[in-house]
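To start, the structure under review is shown below, and the notes come after it.
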Amino acid sequence: MVFPFRLPGVNYYGRGAVQYLAGEIQKERAKRVFLISDKGVAGAGLVDKIKNLITEAGAEVIEFLDVEAEPSVENVELAVKTFQEAGCDFIVGLGGGSPMDVSKAVSVVAVNGGSILDYVGIGLVPKPGVPFILIPTTSGTGSEVTQNAIFTDKQEQLKKGVVTEYFLPKAAIVDSDLTMSAPPKITAATGMDALTHAIESYTAPKATPQTDLYALEAIRLIAKSLRRAVAYGADSEARENMALGSVFAGISLANAGVGAVHALAYPLGGQFGVPHGVANALLLPYVMEFNIVGHVAKFAGIAEAMGENVAGKSKREAAFLALKAVRELSQDVGIPQKLSEVGVTESDIEGLATATMNVTRLLGNNPRKVTLEDARNIFTKAL
Ligand SMILES: NC(=O)c1ccc[n+]([C@@H]2O[C@H](COP(=O)([O-])OP(=O)(O)OC[C@H]3O[C@@H](n4cnc5c(N)ncnc54)[C@H](O)[C@@H]3O)[C@@H](O)[C@H]2O)c1
Ligand SMILES: [Fe+2]
């Protein structure tokens with residue numbers, strides 16, 4: 001078996017890892033840094049903290065705090081315009097997936113021109129962009145280590161993905177202290193997004209022995225710590241486990257891809273504005289139930305990694321314990337369990353199922369083939 005494995009230039013992990021930012025800024029000889037974040041992250045005091053570190057490294061900082069959650073194409077355009085007016089030579093993306101993805105877009109659009117929509121698909125960005133560093137403040141998307149960025153196309157009411165090797169940052173700094181202020185609902189949704197990355201990439205046709213290592217460890221860490229991180233956000237050990245779980249899931253996703261959960265979640269985000277983590281978390285058990293037959297042994301492995309007692313069980317019995325474990329975790333951390341809870345009605349199913357079938361990049365990487373009829377059935381079960 002031949003397989004590539006990609007990572008950012010350097011990764012720093014652990015509490016206090018953010019101290020390495022200054023050295024990275026100096027190494028890159030950055031003079032004027034465009035710091036991309038959002039108001040929630042700024043409100044938690046994290047923008048000031050990072051600003052001080054960049055200033056101490058001898059560079060100027062220009063802030064852009066107008067990133068919206070689940071960023072739109074228009075939001076990216078505003079960020080690119082502001083970047084160009086500011087005359088910066090380096091980008092630091094600080095926040096959850098939204099500011100990190102906007103940072104990636106600004107980097108490549110500033111150099112290649114056009115709109116981010118011109119690059120939707122795989123490998124369509126011609127040249128590397130402005131150099132950048134990513135610093136996550138949620139334990140969820142893994143965007144700091146992936147070649148992906150996701151944007152909301154308001155016209156088509158769909159989330160769209162750009163995949164390019166130029167989205168790998170110079171450095172990813174994963175410091176769990178920066179996640180301590182994330183409120184319980186965001187901790188729950190983002191944590192379930194990370195679990196979805198681990199489960200989908202572990203069971204994907206593109207999974208490799210190397211991604212399996214990361215995916216299984218991510219599942220263990222998240223299953224062990226998500227409840228605690230949601231219930232008692234000040235638990236630094238739970239936060240550290242979640243940060244590692246999220247980045248390990250991201251590394252697995254970056255190299256093995258995700259599948260039908262994300263494909264079904266895209267129109268749910270685009271048409272109903274359901275946050276990415278919530279959409280994935282809600283759909284995950286229904287898609288797992290559909291997928292188990294596609295890779296029974298791997299689903300049995302997930303059950304074990306989630307702490308289920310699989311001794312004496314057949315692989316099939318163990319596989320269904322994975323489903324039970326995910327359902328219980330999702331319920332315990334307060335995720336909505338039904339589409340009707342997020343405003344979906346029966347008459348919406350056809351549109352959702354049809355839109356899902358356009359997400360061919362992800363459906364092609366699912367352990368079981370998904371037809372339009374299957375998509376309808378999964379949405380109907382989840383209603
Ligand atoms: N690029 C990828 O590989 C990838 C993977 C999965 C998801 N995504 C995308 O990422 C986006 C979602 O990212 P997200 O789930 O991290 O949420 P987010 O970035 O939209 O943040 C959600 C909210 O949490 C707040 N927040 C973040 N960190 C905080 C902290 N430490 N303290 C207090 N508040 C905090 C933000 O201000 C915001 O209001 C979606 O657009 C999704 O499609 C990208
Ligand atoms: Fe995701």
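The values are calculated or read from the model by the stated rules, or taken from the named source; none is laboratory data. Given the structure is predicted, the values throughout are model-derived calculations rather than measurements. For neighbour counting, all protein chains shown are included, and Cβ atoms are generated from backbone atoms with ideal geometry for every residue, glycine included. Accessible surface is based on the protein model in full, side chains and every heavy atom, while ligands, DNA and RNA are left aside. Shrake-Rupley method; radii C 1.70, N 1.55, O 1.52, S 1.80 Å.
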message = Taking 8 Å as the Cα distance limit and 6 or more residues as the minimum spacing, I'd like the relative contact order of the chain as a percentage.
response = 15
ask   = With each pseudo-label sitting 7 Å past Cα toward Cβ, what's the Asn309-Thr380 distance in nm, one decimal?
value = 3.8
message = Rolling a 1.4 Å sphere over the protein heavy atoms, what is the accessible area per residue of region 184-382, to the nearest Å²?
response = 37
note = FRET efficiency (Glu341, Lys31; Cβ distance; R0 45 Å; to 0.05) is 0.35
ask   = Counting only DSSP beta bridges with both residues in the chain, what percent are antiparallel, rounded to the nearest 5?
value = 25
inquiry  = Which order do the peptides 267-277, 41-51, 142-152 come out in when sorted by mean C-beta neighbours inside 10 angstrom, highest first?
reply    = 142-152, 267-277, 41-51
key: Cα gyration tensor, the chain - rounded (a/c under 1.5), prolate or oblate   = prolate
note = Out of Pro99, Ala223, Asn309 - ranked by how far each Cα lies towards the positive end of the dipole of the chain, with unit charges on the beta-carbon of charged residues - the top one is Asn309
For region 10-179: relative contact order, % (alpha-carbon pairs under 8 angstrom, 6 or more apart) = 27
ask   = Can you list the residues, at least 5 places off or on another chain, whose amide H is less than 5 Å from the amide H of Glu63, using H built in the peptide plane?
value = Leu35
query = What's the angle, to the nearest 10 degrees (0 to 90), between helix 315-332's Cα axis and the longest principal axis of the chain?
reply = 50
task = Would you please give the FRET efficiency between Arg15 and Asp118, computed as 1/(1 + (r/R0)^6) with r the Cβ-Cβ distance and R0 = 30 Å, to the nearest 0.05?
result = 0.15
message = Apply the Karplus curve 6.51 cos²θ - 1.76 cosθ + 1.60, θ = phi - 60°, to the phi angles in region 27-42 and return the couplings in whole Hz, x for Gly and Pro.
response = 4, 7, 6, 6, 10, 10, 9, 8, 9, 9, 7, 9, 5, x, 5, 5
ask   = Ignoring ligands, DNA and RNA, how do Leu53, Leu195 rank by accessible area with a 1.4 Å probe, largest first?
value = Leu53, Leu195
task = Could you order Glu346, Glu68, Glu200 by accessible surface area, starting with the largest, using a probe radius of 1.4 Å?
result = Glu346, Glu68, Glu200
remark   = Applying the gyration tensor rule to the Cα atoms of region 322-383 (axes a ≥ b ≥ c; rounded if a/c under 1.5, else prolate if a/b exceeds b/c, else oblate), the class is oblate
Centroid-to-centroid separation of region 307-383 and region 239-285 [C-alpha atoms, Å] = 12
inquiry  = How large is the accessible surface of Glu350 in square angstrom, using a 1.4 angstrom probe and rounding to the nearest 10?
reply    = 80
query = Using alpha-carbon positions, what is the distance between the centroids of region 1-28 and region 101-168, in Å?
reply = 18
key: Cross-link pairs beyond the 28 Å C-alpha cut-off, checked among Lys49/Lys206; Lys31/Lys185; Lys170/Lys206; Lys298/Lys381; Lys154/Lys298   = Lys49/Lys206; Lys31/Lys185; Lys154/Lys298
Karplus (6.51, -1.76, 1.60) ³J(HN,Hα), θ = phi - 60°, over region 105-114, in Hz, Gly and Pro reported as x = 5, 4, 3, 7, 6, 4, 8, 8, x, x
ask   = Under the Karplus relation 6.51 cos²θ - 1.76 cosθ + 1.60, θ = phi - 60°, what is the ordered set of whole-Hz ³J(HN,Hα) values for region 201-210, x standing for Gly and Pro?
value = 6, 5, 9, 6, x, 7, 4, 10, x, 6
ask   = Using alpha carbons only, how many degrees (0 to 90, rounded to 10) separate the axis of helix 296-305 from the longest principal axis of the chain?
value = 60
ask   = Accessible area, 1.4 Å probe, largest first: how do Thr380, Thr190 sort?
value = Thr380, Thr190
query = How much mean residue ellipticity at 222 nm does the chain get from its helices, if each DSSP H run of length 4 or more adds -39500 (n - 2.57) and you divide by all residues, to the nearest 500 deg cm²/dmol?
reply = -16500 deg cm²/dmol
ask   = Any idea what the relative contact order of region 303-383 is, in percent, if you count C-alpha pairs under 8 Å spaced at least 6 apart?
value = 27
inquiry  = To test your reading of the geometry: what angle, between 0 and 90 degrees and rounded to tens, separates the Cα axis of helix 236-256 from the longest principal axis of the chain?
reply    = 80
query = Distance in nm between label sites at Glu237 and Asp153, each 7 Å beyond Cα in the beta-carbon direction?
reply = 4.8
Förster-model FRET efficiency, 56 Å R0, Thr55 and Thr371, C-beta, rounded to 0.05 = 0.50
